[in-house]
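What follows is a single structure, written as structure tokens, with notes after it.
The values are calculated or read from the model by the stated rules, or taken from the named source; none is laboratory data. Model, not experiment: these values are computed from the prediction. Ideal geometry is used to build each Cβ from the backbone, glycine not excepted, and the neighbour counts take in all protein chains shown.
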Amino acid sequence: MRIKTGIGLKAVSMLLLALMGLLSPACAPTTTSNVAVGQITDGEEGQGLEKDYIIKDKALAGRIDVLDVKARLTGKFLEGLAMVHNRKKRTVDFEYKFAWFDDSGFPVESNVSHWTPDRLYGKESRWIRALCPKPGATGFKVMIRAPHPIER
Amino acid sequence: MKPGTNAPALVLVLVLACCTCGCRSKVRYGDATAVETVTEDFGSTDLQMIAKKMVDSLLTSPAIRQSHRPVLLVSSIKNKTAEHIDTKAITDKIRTTLIQSGKVQFTAAETRPEIADELAYQRDSGYVDQATRKEAGRQVGADFLLTGEITSITKERDRLKDVYYKITMNLVNLETGLIDWAEEKEIRKDRKRPLVGW
């Protein structure tokens, strides 16, 4: 009888551990996944861009592509765009954030730069955009990551 | 006394210690720019998304781009939702960002009584050097009035609750009375309660 109870407890423990293992990826904080950098190089029109992609989160990087990055000056303000594409048929939720920098590479702080939740339906491609509300920005970086909300 | 007599007491102490450690609340500083989904109610992420959309649109609008540092007056955003929303927090964020852009100026409408008091004090109290006294009647008149309203539609059925917010903002030309710029932002959020729990 004792042996049976022991096996039962062991089985329950293993089941709990397996469940924890299954649940943990969903609860684990994710890091920045895709980073795209756009820099105006062809004068004020901003047609030419130096592009750079850094992929840190392979799970999301396998689902979302950054196909293009554009920048233009609207008056004194730099406007950045990034074309994001969902490779898969399933809907994917993500967050993005734009960071701005000047000629010297120093960050241009903006109090409307925050993580924005968004969603791409299956195979959808769409531009995500932002404007740096301070003059002086000449380049930007758009960061894309898996949802990482503050929740209960 | 036999060894092990105090075992129950020791177990009790250990249990209490574990409970105390387990129940201790933890305070941490968080990322103010992170997405917040604690509840489906209006939250910081909604405020940030609204401010960003309005600032982006306003700074690229012909009404602002074609004027030389126009003077704006912020009116309150009417809250037509069923929940309490601090709409001043929205207008404050928009105003701060626009001022930092250097593209527009704002009149301090909410501090008018204090300004009037201070000007009267400078003029009448006898304590202020008259050479440094600020004259009344030199305030700059606003060119535009920034106004808006926020509405919501909430639907709930079984375990699903859907909330839709729409905020509309207008820039009214005070000389002509025309709306020179308008923008809206829609936000949809839903919450599905689990079968067990809340």
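Computed quantities for the displayed model
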| item | result |
| --- | --- |
| Selection count, the range A:124-141, where residues are assigned to a loop (DSSP other than H, G, I, E, B) and more than 17 Å from the chain's Cα centre (by Cα) | 7 |
| Residue satisfying all of: in the range B:2-48; among the acidic types (Asp, Glu) and not in a loop (DSSP other than H, G, I, E, B); modelled with the lowest pLDDT among these | B:36 |
| First in the range B:22-44 and away from chain A (no Cβ under 13 Å), second anywhere and in a loop (DSSP other than H, G, I, E, B) and at pLDDT 90 or above, Cβ under 7 Å, 6 or more apart | B:42/B:83; B:42/B:85 |
| Exclusive hit being aromatic (Phe, Trp, Tyr) and either in contact (Cβ under 8 Å) with a residue 60 or more places away in the chain or touching an Asp or Glu at 6+ places or on another chain (Cβ under 7 Å) (or both), set B:106, B:144 | B:144 |
| Some residue of the range A:144-152 being within 21 Å of residue B:60 (Cα to Cα) and at the interface with chain B (Cβ under 7 Å from one of its Cβ atoms) | no |
| Count of the range A:114-123 residues which are at the interface with chain B (Cβ under 10 Å from one of its Cβ atoms), surrounded by fewer than 19 Cβ atoms within 10 Å (Cβ to Cβ) and in a loop (DSSP other than H, G, I, E, B) | 0 |
| Qualifying residue in the range B:148-170 (condition: out of contact with any Leu (no Cβ under 8 Å at 6 or more places or on another chain), over 24 Å from residue B:190 (Cα atoms) and modelled with pLDDT of 95 or more) | yes |
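Rundown of residues vs (1) exposed (fewer than 12 other Cβ atoms within 10 Å of the Cβ); (2) within 14 Å of chain A (Cβ to nearest Cβ); (3) in a loop (DSSP other than H, G, I, E, B), yes/no style:
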| position | (1), (2), (3) |
| --- | --- |
| B:82 | yes, no, yes |
| B:88 | no, no, no |
| B:95 | no, yes, no |
| B:130 | yes, no, yes |
| B:133 | no, no, yes |
